1. Could you tell me whether region 42-64 includes any residue that is under 30 Å from residue 26 (Cα atoms) and of a type in the set (Phe, Trp, Tyr)?
2. Can you tell me how many residues within region 55-104 are under 26 Å from residue 22 (Cβ atoms) and in contact (Cβ under 8 Å) with a residue 12 or more places away in the chain?
3. Need pairs with beta-carbon distance below 8 Å; first residue within 25 Å of residue 57 (Cβ to Cβ) and within region 13-35, second of a type in the set (Val, Ile, Thr) and modelled with pLDDT of 80 or more; sequence gap 6+ or separate chains.
4. Need at least 3 residues that are under 29 Å from the mean Cα position of the chain (by Cα), of a type outside the set (Val, Ile, Thr) and surrounded by 11 or more Cβ atoms within 10 Å (Cβ to Cβ) per element, so show me which helices (runs of 4 or more DSSP H) inside region 19-111 make the cut, counting only ones lying wholly within it.
5. Return the only residue of 43, 58, 25 being in contact with a Lys or Arg (Cβ under 7 Å, 6 or more places away or on another chain) and either over 30 Å from residue 106 (Cα atoms) or modelled with pLDDT of 85 or more (or both).
Amino acid sequence: MVRSAGRRDLANFRPADDLVAVVLIRAITGPLFGFSDTWQLVINTGTTIVTFLMVFLIQATQYRDTLALQLKLDELIIAMRPILDLDPAIGLAAAAVDAVAEFARDQLWSC
């Protein structure tokens with residue numbers, strides 16, 4: 001799924017093409033099937049399935065982008081470790097609420 005999503009996101013950089021394809025499919029198949037209720041059901045079901053798959057594509061792309069960004073940030077943190085060990089703000093995310101509030105209070109009064 002991830003590999004196919006990676007290939008599809010490269011090809012999906014022009015949403016106008018997707019819109020044109022949907023309009024053409026509806027314009028060609030509609031008269032062939034007389035715009036019947038069955039035709040509408042099939043077209044709407046197909047549209048729903050494509051929308052559902054596009055959600056997975058977007059999530060896979062965002063996951064990959066977020067992972068790449070996180071790895072870059074990790075590299076920066078590792079490279080700056082000697083400097084960061086001196087910074088008292090490091091580790092606040094894992095600290096207790098009281099410790100964070102105290103740190104914020106100290107920072108506000110020091111400005």
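The values are calculated or read from the model by the stated rules, or taken from the named source; none is laboratory data. As the structure is a computational prediction, the values presented were derived from the model and not from experiment. Positions of Cβ are generated from backbone atoms using ideal geometry, with glycine treated the same way; all protein chains shown enter the neighbour counts.
1. Let us first name the residues in region 42-64 that are under 30 Å from residue 26 (Cα atoms), namely 42-61.
Of the ones still in play, those that are also of a type in the set (Phe, Trp, Tyr) are 52, 56.
The answer is yes, given that some residue of region 42-64 is under 30 Å from residue 26 (Cα atoms) and of a type in the set (Phe, Trp, Tyr).
2. Of the residues in region 55-104, the ones under 26 Å from residue 22 (Cβ atoms) are 55-62.
Still in the running and in contact (Cβ under 8 Å) with a residue 12 or more places away in the chain: 56-57, 60-61.
Number satisfying all stated conditions: 4.
3. From region 13-35, the pairs are 22/47; 25/43; 26/43; 29/43.
4. Values: elements: 37-79, 81-84, 97-110.
Passing ranges, in order: 37-79.
5. Numbers: 58 fails: in contact with a Lys or Arg (Cβ under 7 Å, 6 or more places away or on another chain); 25 fails: in contact with a Lys or Arg (Cβ under 7 Å, 6 or more places away or on another chain).
None of the other options fit; the residue is 43.
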